[in-house]
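Written out below as structure tokens is the structure these notes cover.
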Amino acid sequence: MTDIIEPFRLAVPQSELDDLQQRLTRIRWPAPETVADTSQGPPLGKIRALIDHWRDHYDWRRCETLLNGFGQSRTEIDGLGIHFLHIRSPEPDAMPMIMTHGWPGSVLEFRDVIGPLTDPVAHGGRAADAFHLVIPTLPGFGFSDKPTEPGWNIGRTADAWITLMGRLGYDRWVAQGGDWGAGVTTALGHKAPPGLAAIHLNMVMFQPSEAEVRDATPAEQAMLASAQRYDQQYSGYFKVQATRPQSIGFSLADSPVGLAAWIYALFQDVSDSSGDPEAVFRLDALLDDIMLYWLPNTGASSARFYWEAMREMMAGGMPQMRMQTPTGISMFPGEQVRLSRRWAESRFATLLHFNEPARGGHFAALEQPSLFVGELRMTFRSIRGE
């Protein structure tokens, strides 16, 4: 049967860790940047410090134990093996929620919010705010299978998530996502399967209309400027992965330093850290995320998700109509692509919640876990009957 859910336990062979260690001792470094800022990409000194920590202090077995402790599973959906975390709340009336990461994220984006969301009482909250969590790994990422043919795009992934929630026995559930996870969650909202009660987004994929640009308030003008800065200065990775994922894939597969620098650049550029990610993220947390690309060799296959999504969008596969599924939106200030409440109200028929938290960026759950948890609790309280 293809609908079997099997427990998945990580036990990476020591030979793979030894190979990584050897690669981290044989590095040909590039010349340093010629500027005093990050406008050319991650500074050489920052990446050298990251690699020194990776080689001399990082402990993969700690991360492996963490993942195994959450409870991992795999199941085949539409011919592809899907890896996911499934964490049941001790509260019997908890709301099931599927949470989707993006690139260069992973299921570990949610590591610091799993406890408060599933067991709020143990973290100073209310039992009525509890969630059962399903946190799948996108196709071609982490320990999900790598697609061997075109077609695993946003919409197909959303269909797989609908199947997954049904297979787990959930008949009423909610969904959350940022980055490509926001794309998948938005697609879920438009598909509106019978069990989906509401969604939450901490990023909204949208293009402002000519009228919105023309009539933008000062705050909205700042949002437009931020989006333009992202497109002009920070989106090189996006354009490469959307057009030539295989070209960059060779470097991401062969060089741990190349992979680390490619991923580090995003934590530098789109977090709420003023270009200093170490001020927000623990080095071990950054390396845990990088390892979920290095160990399963998913540099190329994860980059290909951009190629798939761009073709889906160009073919008109992403719905543009007004969202009918009830939605909560959290616009963290460090997110580069933001929209105002006014713009949101024209795109979402029922806004359960809209807020602009004081801190946090693109990786909101990892940057500001307490604020992120609060945003989800506020969004979904109304559909719990409160």
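The values are calculated or read from the model by the stated rules, or taken from the named source; none is laboratory data. Here the structure is a predicted model, which means the values were calculated and not measured. Note that we place each Cβ from the backbone using ideal geometry, even for glycine, and neighbour counts take in every protein chain shown. For accessibility, only protein heavy atoms count, side chains too; no ligands or nucleic acids. Shrake-Rupley method; radii C 1.70, N 1.55, O 1.52, S 1.80 Å.
Structure above, values below:
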quantity: Dimensions in Å of the stretch 159-203 - Rg and Dmax from alpha carbons; calculated: 9.8, 28
quantity: Cα-based reach from residue 239 at 12 Å (exclusive), listing aspartates and glutamates while leaving out same-chain residues under 8 positions away; calculated: 231
quantity: Per-residue SASA entry for residue 382, accessible area with 1.4 Å probe, Å² rounded to 10; calculated: 60
quantity: Sequence-distant residues sharing a close amide H with residue 354 (under 5 Å, placed H); calculated: 329
quantity: Alpha-carbon centroids, the stretch 184-229 and the stretch 255-270: separation in whole Å; calculated: 26
quantity: Solvent-accessible area per residue, Å², over the stretch 241-313 with all protein chains present [probe radius 1.4 Å]; calculated: 33
quantity: Residues whose placed amide H lies under 5 Å from that of residue 132, excluding near-sequence neighbours; calculated: 89, 95, 97
quantity: Theoretical ellipticity at 222 nm over the chain - DSSP helices of four or more residues, -39500 (n - 2.57) apiece, nearest 500; calculated: -12500 deg cm²/dmol
quantity: Solvent-accessible heavy-atom area per residue, rounded to whole Å², over the stretch 113-201 at 1.4 Å; calculated: 28
quantity: Spin-label pair residue 123/residue 27, simplified geometry with 7 Å Cα→Cβ offset, distance in nm; calculated: 3.3
quantity: Cα pair count fraction exceeding 18 Å, expressed as % - the stretch 48-138; calculated: 55
quantity: Gyration tensor (Cα) of the stretch 55-98, equivalent ellipsoid semi-axes in angstrom; calculated: 26, 19, 7
quantity: Residue-span extension gain [residue 210 to residue 224] - 0.36 nm each, minus C-alpha spacing; calculated: 3.9 nm
quantity: DSSP-defined antiparallel bridges as percent of all bridges, the chain, nearest 5; calculated: 40
quantity: Axial C-alpha extent at least 15 Å, average Kyte-Doolittle at least 0.0 - helices from the chain (DSSP); calculated: 154-167, 180-191, 256-269, 283-294, 369-381
quantity: Share of pairwise Cα separations in the stretch 1-53, more than 17 Å, in percent; calculated: 61
quantity: Share of carbon and sulfur in the accessible heavy-atom surface of the chain [1.4 Å probe, %]; calculated: 51
quantity: Within the stretch 219-257, backbone nitrogen closer than 20 Å to the virtual label 7 Å beyond the Cα of residue 314 toward Cβ; calculated: 231-232, 235-249
quantity: Stokes-Einstein D for the stretch 95-215, Kirkwood Rh over Cα pairs, 25 °C, 0.890 mPa s (µm²/s); calculated: 159
quantity: Debye-sum result for the chain in log10 I(q)/I(0), which assumes one identical scatterer on each alpha carbon, at q = 0.06, 0.08, 0.15 Å⁻¹; calculated: -0.22, -0.39, -1.53
quantity: Share of alpha-carbon pairs per 10 Å distance bin for the stretch 312-386, given as whole %; calculated: 18, 41, 34, 7, 0
quantity: Whole-number D in µm² s⁻¹ for the stretch 241-386, Kirkwood Cα-pair radius fed into Stokes-Einstein, 4 °C, 1.567 mPa s; calculated: 74
quantity: Label-to-label distance, nm, for residues given as residue 172 and residue 234 (7 Å Cα→Cβ offset); calculated: 3.8
